[in-house]
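*Asks:* Sharing a structure with you now.
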Amino acid sequence: MINRRDLIASGLLAAASTALPRRASAQLAGNAFIISGFPAGGMGDLVSRPLAERMRGRYATNVLVESKAGAGGRIAVNFVKRAPADGLAILQIPSSVMTLYPHIYKNLGYDPLRDFSAVTPTATYVYAFTASAALPATVRTVADFVAWARANPEKSSYGIPAAGSALHFAGMMLQRATGIEFTAVAYRGGAPLLTDMLAGVLPVSFNVLGEVLPHIRSGALRALGVCGPERSKFLPEVPTMAEQGITDVALTEWLGWFLPAATPPEVVRALNTVAREGLQDPAMVASLANSALEPRHTTPEQCADLLREDYERWDKIAKATGFTMAE
C-alpha cells in the first residue's frame with residue numbers, strides 16, 4: 001500500500017525526471033564560437049573572453065573565441081551569416097558595422113535586419129576627441145582646436161582607426177558643424193593610431209575612450225571632448241562635444257551579439273540568458289569599467305528595436321554627408 005509520503009516522493013521524482021531532459025536540451029552539444037570581426041587583444045576580447053568562460057558547460061559544451069578580422073568587421077559578419085543556424089556561431093560586432101555600413105557600402109554582402117537574429121547588446125562605449133603633444137598646450141577645448149585649425153590649415157588633420165567608421169563620421173560632422181577643413185588620416189586599427197598620437201605625428205584623433213583613457217590620465221594625451229550624449233562617468237571633468245556646441249557629434253556605440261536569422265527562438269533566448277547572467281557578475285562589471293566599458297543587456301526584441309533605430313539614424317547621417325566607400 002502506497003502512503004502519502006510515497007506519493008509525494010514519486011511525484012517529485014517524476015517532476016525531476018521530466019525536468020532533467022529539458023535542462024540538458026538547453027545546453028548545446030559541441031563547441032560554440034564567439035566570432036569577432038577584429039584582431040585578438042582588442043576591446044572585444046574584454047567582453048567575449050570572460051563571458052565565454054562563464055558560458056562553458058551552460059550554453060554549450062565549450063565556448064571559444066575566434067577572430068575573423070578584416071574588411072572593417074565585414075568578414076566576420078558574412079561568415080556568421082552563412083553559418084548553420086544552430087547557435088554555435090555567435091557574432092560579436094560593434095553596432096556601426098550593422099547600422100552604418102549598409103548606408104555607405106554598395107556591395108556589403110549582408111542585410112543586418114534580415115540575415116540575423118539580434119540577441120543582446122553586451123557593452124556600450126563612447127568616443128573621445130583627443131589631442132596630442134603636436135598641439136600647443138593652450139588648446140584645451142573644441143573651440144580652441146577650431147581656432148588653431150583655421151590658423152594652421154596645412155597642419156589640421158585628424159586620425160581615425162578606419163575609413164568609413166563611426167569615428168570617421170564624427171570627424172566629418174565636426175567639420176560640417178564648424179566649417180573648418182581638415183583631413184582624415186585612416187589607420188588599420190586603433191593600436192597604430194594610438195602609437196602615432198603618442199609620438200605627436202597627428203594633432204588630434206577620434207578614439208574609443210577606453211583605448212586612450214590611461215594616456216589621458218597620465219597626461220600624455222588630453223581629451224578635448226567626449227562624443228557621447230552625456231559626460232562619461234570615466235572622465236567626468238571633460239565636457240561633451242554637444243556641450244561645446246557640436247550637437248551632431250553625440251554618438252554612443254554598443255557591442256552586440258547576433259545569430260543567423262533562422263536560429264530557433266529558444267536558442268536565442270538561451271544565449272540571451274547566459275549573457276545577462278555573465279554581464280551582471282560584479283567582477284565582470286568591474287573588469288569592463290577598467291576599460292571605460294559599461295555592460296548593457298536587453299531582451300532580443302529590444303535589441304532588434306535598437307538595431308532598427310540606429311540603422312535609421314545612420315541612414316540620415318550618411319545621406320547628409322554624402323559619403324560612400326568605394327569597395
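The values are calculated or read from the model by the stated rules, or taken from the named source; none is laboratory data. Not measured: the values here are computed from a predicted model. Heads up, the Cβs are rebuilt from the backbone with ideal geometry, glycines too, and the neighbour counts pull from every protein chain shown. The accessibility values were calculated without ligands, DNA or RNA, using every heavy atom of the protein model including side chains. Shrake-Rupley method; radii C 1.70, N 1.55, O 1.52, S 1.80 Å.
*Asks:* What are the pairs with Cβ atoms under 7 angstrom where one residue, in the stretch 170-184, is under 13 Å from residue 127 (Cβ atoms) and free of Cβ contacts under 8 Å to residues at least 60 places away in the same chain and the other, located anywhere, is outside any loop (DSSP other than H, G, I, E, B) and β-branched (Val, Ile, Thr)? Sequence gap at least six, or different chains.
*Replies:* These pairs meet every condition: 171/160.
*Asks:* Within the stretch 62-84, is even one residue open to solvent by 30 Å² or more (accessible area, probe 1.4 Å), out of contact with any strand residue (DSSP E or B) (no Cβ under 7 Å at 6 or more places or on another chain), assigned to a loop (DSSP other than H, G, I, E, B) and at pLDDT 95 or above?
*Replies:* For the stretch 62-84, residues open to solvent by 30 Å² or more (accessible area, probe 1.4 Å), out of contact with any strand residue (DSSP E or B) (no Cβ under 7 Å at 6 or more places or on another chain), assigned to a loop (DSSP other than H, G, I, E, B) and at pLDDT 95 or above: present.
*Asks:* Can you tell me which residue in the stretch 207-227 is farthest from the chain's Cα centre (by Cα), limited to those that are open to solvent by 10 Å² or more (accessible area, probe 1.4 Å) and touching a residue at least 12 places away in the same chain (Cβ under 8 Å)?
*Replies:* 220
*Asks:* Further question: Looking for whichever is under 25 Å from residue 169 (Cα atoms), in contact with a Pro (Cβ under 7 Å, 6 or more places away or on another chain) and either touching a residue at least 24 places away in the same chain (Cβ under 8 Å) or open to solvent by 50 Å² or more (accessible area, probe 1.4 Å) (or both) here; the options are 91, 108. Which one fits?
*Replies:* On the way: 91 fails: in contact with a Pro (Cβ under 7 Å, 6 or more places away or on another chain).
Unique residue meeting the criteria: 108.
*Asks:* Within the stretch 159-169, can you find the residues that are surrounded by 21 or more Cβ atoms within 10 Å (Cβ to Cβ) and over 17 Å from residue 126 (Cβ atoms)?
*Replies:* Narrowing the stretch 159-169 to residues surrounded by 21 or more Cβ atoms within 10 Å (Cβ to Cβ): 159-161, 164-169.
The answer is 159, 164.
*Asks:* Have a look at 286, 242, 262 and point out the one that is surrounded by fewer than 14 Cβ atoms within 10 Å (Cβ to Cβ), more than 17 Å from the chain's Cα centre (by Cα) and farther than 20 Å from residue 115 by Cα.
*Replies:* 286
*Asks:* Sort out which residues of the stretch 128-179 are of a type outside the set (A, V, I, L, M, F, W, C) and touching a Gly at 6+ places or on another chain (Cβ under 8 Å), and write them in order of number. So that I can check it myself, show each step before the final result.
*Replies:* At the first step, the residues of the stretch 128-179 found to be of a type outside the set (A, V, I, L, M, F, W, C) are 130, 132, 136, 138, 140-141, 144, 150, 152-159, 161, 164-165, 168, 171, 175-176, 178-179.
Hits for the stretch 128-179 are 132, 141, 158, 161, 164, 165.
*Asks:* What's the number of the condition residue 211 fails, among (1) among the acidic types (Asp, Glu); (2) touching a Ser or Thr at 6+ places or on another chain (Cβ under 6 Å); (3) under 11 Å from residue 130 (Cβ atoms)?
*Replies:* (2)
*Asks:* Counting just the residues of the stretch 288-304 that are among the charged types (D, E, K, R) and either outside any strand (DSSP E or B) or modelled with pLDDT under 95 (or both), which one comes out nearest to residue 207 (Cα to Cα)? Explain how you work it out, then say what you get.
*Replies:* Step one: filter the stretch 288-304 for residues among the charged types (D, E, K, R), giving 294, 296, 301.
Those still in the list that are either outside any strand (DSSP E or B) or modelled with pLDDT under 95 (or both) too: 296, 301.
On the way: 296: 21, 301: 30 Å.
Per the criteria, the residue is 296.
*Asks:* Go through the stretch 171-192 and give me each residue that's farther than 29 Å from residue 47 by Cα, open to solvent by less than 30 Å² (accessible area, probe 1.4 Å) and not in a helix (DSSP H, G or I).
*Replies:* 180, 182 - these are the residues of the stretch 171-192 that are farther than 29 Å from residue 47 by Cα, open to solvent by less than 30 Å² (accessible area, probe 1.4 Å) and not in a helix (DSSP H, G or I).
*Asks:* Further question on the same structure: For residue 150, state whether it is surrounded by fewer than 21 Cβ atoms within 10 Å (Cβ to Cβ), assigned to a loop (DSSP other than H, G, I, E, B) and of a type in the set (Lys, Arg). Steps first, please.
*Replies:* On the way: surrounded by fewer than 21 Cβ atoms within 10 Å (Cβ to Cβ): yes; assigned to a loop (DSSP other than H, G, I, E, B): no; of a type in the set (Lys, Arg): yes.
So residue 150 fails the test.
*Asks:* Another question about this same structure. Of the numbered conditions (1) of a type in the set (Ser, Thr, Tyr); (2) within 21 Å of the chain's Cα centre (by Cα); (3) open to solvent by 30 Å² or more (accessible area, probe 1.4 Å), residue 138 fails exactly one; give the number of that condition.
*Replies:* (2)
*Asks:* Can I ask one more? Since residue 53 meets every condition but one in (1) within 25 Å of residue 287 (Cβ to Cβ); (2) open to solvent by 40 Å² or more (accessible area, probe 1.4 Å); (3) more than 19 Å from the chain's Cα centre (by Cα); (4) touching a residue at least 24 places away in the same chain (Cβ under 8 Å), which condition does it not meet?
*Replies:* The single condition residue 53 does not satisfy is (4).
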